[in-house]
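Before any comments, here is the structure.
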Amino acid sequence: MLTYKVEPKGAVSPGISTCQGCMIDVIFRNALDVLGEDTVLVVPPGCAAQFSGCGPEASVTVAGIQGNLENSAAIASGIANGYKHQGNDHTTICVIAGDGGTVDIGLQSLSGAMERNENILYICYDNEAYMNTGVQGSSSTPLAASTTTTPAGKPVNSKDLFRICMAHNIPYAATASIANIPDFRRKVQKAKDIRGCRVIHIMSPCPTGWGYKSAKTVEVAREAINSGAWLLLEYENGRLTISKKPTALGQVESYVRMQKRFKGASDEAIAALSAHVCERYTYMEKLTQIMA
Ligand SMILES: Cc1ncc(C[n+]2csc(CCOP(=O)(O)OP(=O)(O)O)c2C)c(N)n1
Ligand code: SF4
Ligand SMILES: [Mg+2]
């Protein structure tokens, strides 16, 4: 009988239980590859917890805890302060949480941690809905996108987590994308080397909830960057920079046409989404000049 031995590499073992085409494990693998073993994870309920958390499908080898959707940043703050009192300032306390657990349910806890400038790294993987419980809309769901709670398309724009982080004046905030892993790794490395509250907000398209073929995840994420629907930004010591300018700003048509969640969106709704994308970029670009 032939037997196969799979050698686990890095901090995430092979054979995890996310859907085909999901990139959450790639986010974990790359983040933990940069952060190293001297890391403690806090992962609230959500698709990430389904493979990283406690139980028979746990596959992450660094120490960690699964808390609640409301309090990831508070749990991380407690761990960070415990280590501080032991004289340990080298271990990275890292939250990896979904958008629902960040921009909605856990926002008060994150806001408090940012206000106190806790020594934590908070990574939000954004699949733009509550995916693990059946694709309910979140504050990150974009205008016109259909979810099970916004079946006719979301009537309002998404909440801007990056600007909320900037408003707390934390030492480091960045956005990233699974379509640009070197950029993500560079930002994780930078965040690792800074002390205080650091937030990285990474877009993580979801084939199941967005309605596209699983092989297209990177393509979808790339279209988001090209059109400006997702911006790559960096805020460091009060200075804002745009990591990569969109190549086709506002041209969201090819991006939305790849996804079933926008299938019922009217031309007016897509035009409104495009206008929002352009306005946000223009605003950010002006801020880069003010904050230069
Ligand atoms: C306070 C609270 N409300 C609801 C739930 C049920 N719940 C578990 S996971 C989840 C989805 C979380 O969404 P998100 O943070 O975006 O992560 P994703 O599932 O998209 O990866 C919900 C609503 C919960 N655990 N706690
Ligand atoms: S539902 Fe979406 S985010 Fe969750 S595991 Fe599947 S593809 Fe990934
Ligand atoms: Mg989500």
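Keeping to the stretch 120-146, report how many residues are under 19 Å from the mean Cα position of the chain (by Cα) and assigned to a loop (DSSP other than H, G, I, E, B). Even if it seems obvious, please write down each step before you answer.
So the first thing to find is which residues in the stretch 120-146 are under 19 Å from the mean Cα position of the chain (by Cα), and the list is 120-143, 145.
From what is left, the residues that are assigned to a loop (DSSP other than H, G, I, E, B) are 120, 127-129, 131-135, 137-143, 145.
The number of residues fulfilling the criteria is 17.
Checking each residue in the stretch 147-172 for being over 25 Å from CYS22 (Cβ atoms) and of a type in the set (A, V, I, L, M) picks out ALA152, VAL156, ILE164, MET166, ALA167, ILE170.
Given the criterion surrounded by 13 or more Cβ atoms within 10 Å (Cβ to Cβ) and more than 26 Å from GLY238 (Cβ to Cβ), identify the matching residue among MET291, MET284, MET258. Spell out the reasoning first.
On the way: MET291 fails: more than 26 Å from GLY238 (Cβ to Cβ); MET284 fails: more than 26 Å from GLY238 (Cβ to Cβ).
Within the list MET291, MET284, MET258, the selection yields MET258.
With a requirement of 3 or more residues that are buried (at least 17 other Cβ atoms within 10 Å of the Cβ) and in contact with a strand residue (DSSP E or B) (Cβ under 9 Å, 6 or more places away or on another chain), the helices (runs of 4 or more DSSP H) lying completely within the stretch 159-247 that satisfy it span 161-167, 181-193, 217-227.
Residue-by-condition table, conditions (1) closer than 22 Å to SER204 by Cβ; (2) surrounded by fewer than 21 Cβ atoms within 10 Å (Cβ to Cβ); (3) modelled with pLDDT under 95:
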residue	(1), (2), (3)
LYS5	no, yes, yes
SER17	yes, yes, yes
ALA31	yes, no, no
ASN81	no, yes, no
GLN86	no, yes, no
ILE93	yes, no, no
ILE96	yes, no, no
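Filtered by the rule that a residue be within 16 Å of ligand 2 (Cβ to nearest atom) and out of contact with any Asp or Glu (no Cβ under 9 Å at 6 or more places or on another chain), the stretch 33-45 gives VAL43, PRO45.
Filtered by the rule that a residue be more than 16 Å from ligand 3 (Cβ to nearest atom) and under 18 Å from ILE164 (Cβ atoms), the stretch 56-110 gives ASN71, ALA73, ALA74, ALA76, SER77, GLN108, SER109.
The values are calculated or read from the model by the stated rules, or taken from the named source; none is laboratory data. As the structure is a prediction and not an experimental result, all values here were calculated from the model. All Cβ positions, glycine included, derive from the backbone under ideal geometry; neighbour counts span all protein chains shown.
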